[in-house]
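A short reminder: the numbers here are calculations on the coordinates, not readings from a lab. Values in this document were obtained by computation on a predicted structure and should not be read as measured data. Reconstructed Cβ throughout: ideal geometry from the backbone, glycine too, with neighbour counts over all protein chains shown.
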Amino acid sequence: MKNNTRFSICLLFLWMSMNFCLAAETYSQETFFTIESNNLTVKEVFNKIEKESEYIFFYLDNSVDLNRKVSVKARKEQVSKILDQIFEGTDTHYYISDRQIIISKDEKAAPVSLQQKGQTITGIVKDATGEPVIGANIVEKGTTNGTITDMNGQFTLTVNPKAVLQISYIGFNTLDMPVGNKSSLTIKLTEDTKALDEVVVVGYGVMRKSDLTGSVGSVKSDVIQKQAISSFDQGLQGKVAGVQVMATSGSPGGVVDIRIRGGNSLTSGNQPLYVIDGYPVTAGGSAGGSGAGQNPLATLNPGDIESMEILKDASATAVFGVRGANGVVLVTTRRGKSGKPTINVSTITGVQQPLSYVQQTGSYEFARYWNMKQQNDRVTDKAMYFTREAIEAYRTGSDPIMYPNTKWGDYMYNDLFIQSKNNINISGGNEAVKYFVSLSYLYQNGILKQFDALPYDNNFKYNRYNYRANLDFKLTRTTTMKLNIGGNVGQKQEPRASSDNPWVYTQIWALPFAGPGIVNGVRTMTPGALTPVGVSRDGLSIYWGQGYNQEYKTTLNTDVDITQKLDILTKGLSVSVKASYDNMFRLNKYRTGGTVESQTAYYKSFMDDSTKPQTDPDYDKTIVYVPNGSITPLNYSEDYGRDRNWYIEGRINYDRTF
């Protein structure tokens, strides 16, 4: 009795499985269409099929011509017969899977279930000691078909014939294995000794990655140098886990803040400690050419950097004491190597573009919504409403001077602006002297458009020259000296504004009907009394005639390191003396005051009688321009500051393996 029951259950499951598998074929065989037309597009035929059935069409690429006219003659035909008529003589293919119809020009684009079945592979992944590797990635090369190994290192995957499996796992070399005719695989992964033996800088020494116990992130310069960025710190975004890089300003030469594992203080600074070639500096210090509030990486030439290590946790930063509480960034600059002189020249030019601007409401929409607001507020004074004539003028643009529709963001700001980074360096040397010398130039322009009506250039700009010379001398068989000279000369210009937040003013507060902009070479506005709003705020006023500021900054960083080996006393013993002198000079020039000529446009009748309605047959719409102010020179003032730092360090090193 038990055997009969078990047999009945098996038959039931078998019947359910067969019924499920045949459901798709049954639907396609029992669904018929009648379509007769000589002038339908492919898309219209698809829409008709979808409307009369449960079929859904999918397009795997945009190359399928859906607007092609076709002739279809089908009377109670299956969908496959109709598709055969549509695509006859073309390179377009279709695949029917249940109620889904896939259209593509790629014959290989069919889903795996629609292609040939393939073969099922089982296997196990082990390491060099024979232990199973848990979570290894198994991917059919060239596809997204893949899986991972289970707790026993085993996997099962269905692949196409002649497939190649790609097996990868962190800390191991990636392995490609052809499947061939095998159905079971035993895969052995080897450790990536190159990655484990890689040397990183830690505190006052170096260590192999495999020996690290603290949390350290490493970035090589070649990862970042190819990017069109103005500074090395910008290129760190997304490169090291736990490191946040935030641009506090989008202006050329703007400040970038770096946080390691978030902020640690609400009242004090959260910038990490920077150590450049063994010399610790803080954000705002002069090493590396940083200014107040700016991290030292901001003005370093990315082409001068060999590597950078980021120490994140307490065990990694302990050697720096309380100065490393926010993390430590160790920077090592490039040095010369023995051999013939090598000259490298690189230039990168990029185009910067704002991600988005705030889209301002147009004059027509503003006027309509203003009137709706007044109605909701039960305002009865007709003078507090836009007239029908004004709304129509905004809509049609029939009078762009008196009834303008100016989008100040588009009018004042460029869509694109240029950034260029150029670098040349030479390196080489012999056993006695090695050298690395570089010179670079960075240029960024700004977002503001320039108008001939403004007698000076107030756009954002940033120019910076970097120089560096790293020299290594072998004074005697046991004495070496390193001499580093570096610095930069930079100029940054920013427009002065009449508000603390000019972007909000021009994008939100400026009124689209406040003026047409520049007319006949003069900034032109409309009278505020022409509208019920009563004010006239054009976007140009925030910068117009305000002047500009310029900052000139020069830095000079020099350091010397002399090391004397004392192997005569005991092997591995040495003493070193390090000293550095950093000098930063900053000159700020302020061009303020001054006025620029502008004008206000009036209708002639409005000047004679502002209460006279424009519907009056005698209303004179001749435009009269009334000048305001005149061009006067900008005022000039300046201030300057200097920062000098000395650093001296002596140490005893003992490096010996017993």
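Once the gyration tensor of the Cα atoms in the stretch 491-544 is diagonalised, the equivalent ellipsoid follows with semi-axes of 23, 15, 7 Å, ordered largest first. The label-point distance for residue 588 and residue 499, in a model that sets each label 7 Å from Cα toward Cβ, rounds to 2.3 nm.
Suppose the chain between residue 52 and residue 624 were pulled fully straight at 0.36 nm per residue; how much longer would it get relative to their current alpha carbon spacing? Full extension of this stretch gives 199.2 nm more.
Here the scattering of the stretch 453-582 is modelled by Debye summation over its C-alpha atoms, one equal scatterer each and no solvent; at q = 0.10, 0.15, 0.18, 0.21 Å⁻¹ the log10 of I(q)/I(0) is -0.59, -0.85, -1.02, -1.18. For residue 90 paired with residue 640, estimate the spin-label separation in nm (one decimal), with each label point 7 Å from Cα along the Cα-to-Cβ line. About 7.5 nm, to one decimal. Taking Cα centre as origin and charging only the Cβ of basic (Lys, Arg, +1) and acidic (Asp, Glu, -1) residues, the dipole magnitude of the stretch 543-631 rounds to 660 debye. Label separation (residue 222 vs residue 158): 4.3 nm, computed from points 7 Å beyond Cα along the C-beta direction. Sorting the segments 651-658, 77-84 by their residues' average number of neighbouring beta-carbon atoms within 10 angstrom, most packed first, yields 77-84, 651-658.
If the chain between residue 168 and residue 340 were fully stretched, how many nm would it gain, using 0.36 nm times the residue separation less the Cα-Cα distance?
Numbers: separation 172, 0.36 × 172 = 61.92 nm, distance 3.98 nm.
Extending this stretch completely gives an extra 57.9 nm.
Structure shown: which of 239/492; 162/182; 220/312; 340/565; 449/492 lie over 22 Å apart, alpha-carbon to alpha-carbon? Display every interim value, and only then the final one.
Values: 239/492 28 Å; 162/182 10 Å; 220/312 17 Å; 340/565 28 Å; 449/492 17 Å.
The pairs that break the limit, which is 22 Å between Cα atoms, are 239/492; 340/565.
Rg/Rh for the stretch 385-484 (Cα atoms only, Rh after Kirkwood) is 1.47.
Here's the picture: a label point sits 7 Å out from the Cα of residue 183 along the beta-carbon direction, and within the stretch 136-177 nothing has its amide nitrogen under 12 Å of it.
By its C-alpha gyration tensor, with a ≥ b ≥ c as the square roots of the eigenvalues, how is the stretch 513-658 shaped: rounded for a/c under 1.5, else prolate for a/b larger than b/c, else oblate? Prolate.
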